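Quick notes on the structure that follows.
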Amino acid sequence: QVQLVESGGGLVQPGRSLRLSCAASGFTVSEYRMGWYRSGPENQRVWVADVDSDGIISHLDSVQGRFSISRDIAKNIVYLQMNRLSPQDTAVYYCFVDYRLGRYWGQGTQVTVSS
């Protein structure tokens, strides 16, 4: 059974960092494309970053150089390291996996950037 559980969100001041975690079960993170979307006040889910089964990483242009996706195969976790956060990064962040013929989502974790 595929399951994704996000954690690591919270309230943080502008310029600070957070690391989101996506703990996976029912599959191995290195074998499928996994990544992150976010949904801000406009409630549109926007792709942020992903890593495919070959380890090729992609990031949204607006987060390039600030956010970094990685995976720990031993722990079966995918991370999103977010640095130099701004209020525009405030959103619910969702982890996903493209597993076989479907896309699965986690429940989301709220990130709020505010002074």
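For this structure, a couple of remarks:
- Cβ-Cβ distance of SER86 and TRP47, R₀ of 22 Å, FRET efficiency by 1/(1 + (r/R0)^6): the value works out to about 0.75.
- Protein heavy-atom surface of the chain, 1.4 angstrom probe: 45% of the accessible area is carbon and sulfur, with nucleic acids and ligands not counted.
- Both numbers refer to the Cα atoms of the stretch 39-88; Rg and Dmax are 12.2, 37 Å.
- Rg over Rh [alpha-carbon atoms, Kirkwood Rh] for the stretch 11-52: 1.05
- Net charge of Cβ neighbours under 14 Å - reference MET34; Lys, Arg +1; Asp, Glu -1: -2
- Bridges between two residues of the chain, per DSSP, are antiparallel at a rate of about 90%.
- Dividing the mean sequence gap of close Cα pairs (under 8 Å, 6+ apart) by how many residues the chain holds gives a relative contact order of 37 percent.
- For the stretch 1-105, average projected area of the Cα convex hull in nm²: 6.5
- Sequence of ASP52, ASP89 when ordered by accessible area, the most exposed leading, probe 1.4 angstrom: ASP52, ASP89
- Over all other residues within a Cβ to Cβ distance under 9 Å of VAL97, the charged ones net out to +1, with Lys and Arg as +1 and Asp and Glu as -1.
- Largest mean-square fluctuation among SER62, SER39, SER86, in a Gaussian network model of the chain whose springs join Cα atoms under 10 Å apart, belongs to SER62.
- Rolling a 1.4 Å probe across the protein heavy atoms gives the stretch 1-42 an accessible surface of 51 Å² per residue.
The values are calculated or read from the model by the stated rules, or taken from the named source; none is laboratory data. Keep in mind it's a predicted model, so treat the numbers as computed, not measured. Every residue, glycine as well, gets a Cβ built from its backbone with ideal geometry; the counts of neighbours run over all protein chains shown. Note: areas computed on protein heavy atoms with side chains; ligands, DNA, RNA excluded. Shrake-Rupley method; radii C 1.70, N 1.55, O 1.52, S 1.80 Å.
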